[in-house]
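A short worksheet on the structure shown next.
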Amino acid sequence: MTYVPPLHVLRRIGDIRRSETTVTMPTEAFHALIRAAFAGAAFDAAWYRATYPDVERAIGQGQVPDELSHFAGFGYFENRKPRPFDVDAPWYEATYQDVGLAIRAGQVKDARSHFNTSGYFEPRAPNPQAAAAFADLLALAAGQASMVDGAPVPQAPAGSNVLAARRIRSA
């Protein structure tokens, strides 16, 4: 996504408030941002529908108009993926050394399957471009001691760029 609407345009949807620690906005504004962020190549409608059969039913019953609307309104909040992700395998294995070790030990098929089944839901990135673009977000996620769905947030492995980015920022 190369365009983000200015705040005054988003405020036409409803009241957007910011404090030192939170931003609140109308649900419709958030859904619109998610739809825009995942428009185009970032979202695979055919894969999403085939992977999540309940989406087909929801569309057929008129509960949502299309796959992207389902993802923005529900799937994103249910930890569903927008598509299968390509992975820079050499970078991923070098950055997340635990994954490289697991692959060599035969415990994990390959970097792509690891990312798409586990790494996406952990604070890991599929390639160096994503790691750079989301460094602040991934570092925050890696450093949180909070719980997600009743389980501790997984920590990025030692030696990963995520932890290095966090150390640099905190210095």
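Given contacts defined as C-alpha pairs under 8 Å and at least six residues apart, what's the relative contact order of region 1-145, whole-number percent?
Numbers: 120 pairs, mean separation 21.1, N = 145.
Normalised by residue count, the contact order of region 1-145 is 15 percent.
Modelled this way, with points 7 Å down the Cα-to-C-beta line, the labels at Gln129 and Leu101 are 3.1 nm from one another.
What list do you get for Leu7, Leu33, Leu68, Leu101 if you sort them by fewest beta carbons within 10 Å?
Numbers: Leu7 9, Leu33 17, Leu68 21, Leu101 13.
If I rank by nearby Cβ atoms, fewest first, I get Leu7, Leu101, Leu33, Leu68.
If R0 is 22 Å, the Cβ-Cβ spacing of Arg11 and Arg80 corresponds to a FRET efficiency of close to 0.15. Counted by neighbouring Cβ atoms within 10 Å, the residues Val108, Val87, Val23 run from fewest to most as Val23, Val108, Val87.
Laboratory data are not the source of any read-out in this text; all were calculated from the coordinates shown. Since the structure is predicted, the reported quantities are computational estimates derived from the model, not experimental observations. Methodologically, a virtual Cβ is constructed for each residue, glycine included, from the backbone with ideal geometry; neighbour enumeration extends over all protein chains shown.
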